[in-house]
1. What strands (runs of 3 or more DSSP E), lying completely within the range 254-337, carry at least 1 residues that are touching a Gly at 6+ places or on another chain (Cβ under 7 Å), of a type outside the set (A, V, I, L, M) and touching a residue at least 60 places away in the same chain (Cβ under 8 Å)?
2. Considering each residue of the range 233-246, count those that are surrounded by 15 or more Cβ atoms within 10 Å (Cβ to Cβ), among the aliphatic types (A, V, I, L, M) and modelled with pLDDT of 80 or more, and give that number.
3. How many of the residues in the range 280-328 are open to solvent by 30 Å² or more (accessible area, probe 1.4 Å) and out of contact with any strand residue (DSSP E or B) (no Cβ under 6 Å at 6 or more places or on another chain)?
4. It is to be established whether one or more residues within the range 182-193 are open to solvent by 70 Å² or more (accessible area, probe 1.4 Å), within 25 Å of residue 101 (Cα to Cα) and in contact (Cβ under 8 Å) with a residue 60 or more places away in the chain.
5. Quick one: count up the residues across the range 90-104 that are surrounded by fewer than 14 Cβ atoms within 10 Å (Cβ to Cβ) and part of a helix (DSSP H, G or I).
6. Can you tell me which residue is surrounded by the most Cβ atoms within 10 Å (Cβ to Cβ) among those in the range 37-53 that are at negative phi and of a type in the set (Gly, Ala, Ser)?
7. Could you list, in sequence order, all residues of the range 57-66 that are in a loop (DSSP other than H, G, I, E, B) and either of a type in the set (Lys, Arg) or open to solvent by 30 Å² or more (accessible area, probe 1.4 Å) (or both)?
Amino acid sequence: MVDDRKLAVLRAIVEDYVSTNEPVGSKALVERHNLGVSPATIRNDMAVLEEQGYIAQPHTSAGRVPTDKGYRLFVDRLSQVKPLSGAEKRAIETFLAGAVDVDDVVMRTVRLLAQLTRQVAVVQYPTLGDSKVRHVELVPLSERRLMFVLITNTGRVEQRVVELPDVIDENRVAHLRAILNACLDGCGLAGVPDKVADLPDRLPAEDRPLAATILSVLLESLVDRHDEKIVFAGAANLAGADFTVGLRDVLEALEEQVVLMRLLGETSDLSALTVRIGSENPYTGLQGTSIVVAGYGSGDRQLARLGVLGPTRMDYPVTMGAVRAVARYVSQILAAS
């Protein structure tokens, strides 16, 4: 166990090192922080923290830097996550609320997170395995073309232009639209193929070619799933970062969807933040980085995860506050969509 005084010294070392990127000495701690103890006591506390593996002396420098273990204790004992300002909250809400569909939500979210944290933002598309059909719309565009629109309860909107085998009659389109919605309303996406398998056989012969064409487009749209899709933004923010492993390794890891999935990991609690620091990361190329992750969803159901990746020397209170706030706003938008 680390007592409160040594924890205060560690906290001061972390804050100074994150701010300056320079090893921190006892003299700097005395000058910059009101720790309420003598320089000799601070030196003794630093010696104990180093012995216990929370700080280390790089090269021949007189100062100390936090280790992964030190950052972990710092994060675990944070008194509070830094809240966003009122202006930042309003800007986030306005920016995300302008999204028109789930793709737009994801792209806006990843850009926003990268800008807020000056790190690499990573966002997983909403998992669609539990998604349900909310509405099917058929919009005639011309005599032999219509727009097919599929809307799910998780905010996904699929739109396809359908070329039809025959000239369409608007009454027939309205009839088929009503049948599709009666058949599919509330149906899970995984169950749609079984639900519509015999639908053409239940229609008058003259409506079957139209129904078969539209159903083929419907089934095709379900194949193009985003469950495992992850996007990232802000890789340029890494240019000025200091890594104990090479930047090339980090960039290569970011290109691998499987690696990104493992980084985001599993978080079952929407309100929880997960922070993995340095060597805690499962991919060796990223062991000079830290990951801050939160789940987002609709209501109390998690749909996916989002997070931020950066060097272990990151501003954890600010980064954790931004990730938590953005996840909360994305959840609100999906719940209202």
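The values are calculated or read from the model by the stated rules, or taken from the named source; none is laboratory data. Predicted model, so just to flag it, every value in this text is computed and none were measured. Note: ideal-geometry Cβ built from the backbone for every residue, glycine included; neighbour counts use all protein chains shown. Side chains are part of the model used for accessible areas, which takes the heavy atoms of the whole protein and leaves out ligands, DNA and RNA. Shrake-Rupley method; radii C 1.70, N 1.55, O 1.52, S 1.80 Å.
1. Because the criterion is at least 1 residues that are touching a Gly at 6+ places or on another chain (Cβ under 7 Å), of a type outside the set (A, V, I, L, M) and touching a residue at least 60 places away in the same chain (Cβ under 8 Å), the strands (runs of 3 or more DSSP E) in the range 254-337 that meet it are 289-298, 301-311.
2. The number of residues fulfilling the criteria is 3.
3. To start, the set of residues in the range 280-328 that are open to solvent by 30 Å² or more (accessible area, probe 1.4 Å) comprises 280, 282-284, 287, 299-302, 313, 315, 318, 324, 328.
Keeping just the survivors that are out of contact with any strand residue (DSSP E or B) (no Cβ under 6 Å at 6 or more places or on another chain) gives 280, 282-284, 287, 299-301, 313, 315, 318, 328.
Result for the range 280-328: 12.
4. yes
5. Just the residues of the range 90-104 that are surrounded by fewer than 14 Cβ atoms within 10 Å (Cβ to Cβ), to begin with: 90, 94, 97-98, 100.
With part of a helix (DSSP H, G or I) added as a condition, the list becomes 90, 94, 97.
So the count comes out to 3.
6. This residue is 47.
7. 57, 58, 59, 60, 61, 62
For (1) crowded, with 16+ Cβ neighbours inside 10 Å; (2) in contact (Cβ under 8 Å) with a residue 24 or more places away in the chain, each residue gets a yes or a no:
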| position | (1), (2) |
| --- | --- |
| 8 | yes, yes |
| 31 | no, no |
| 35 | yes, yes |
| 55 | yes, yes |
| 77 | no, yes |
| 109 | yes, yes |
| 116 | yes, yes |
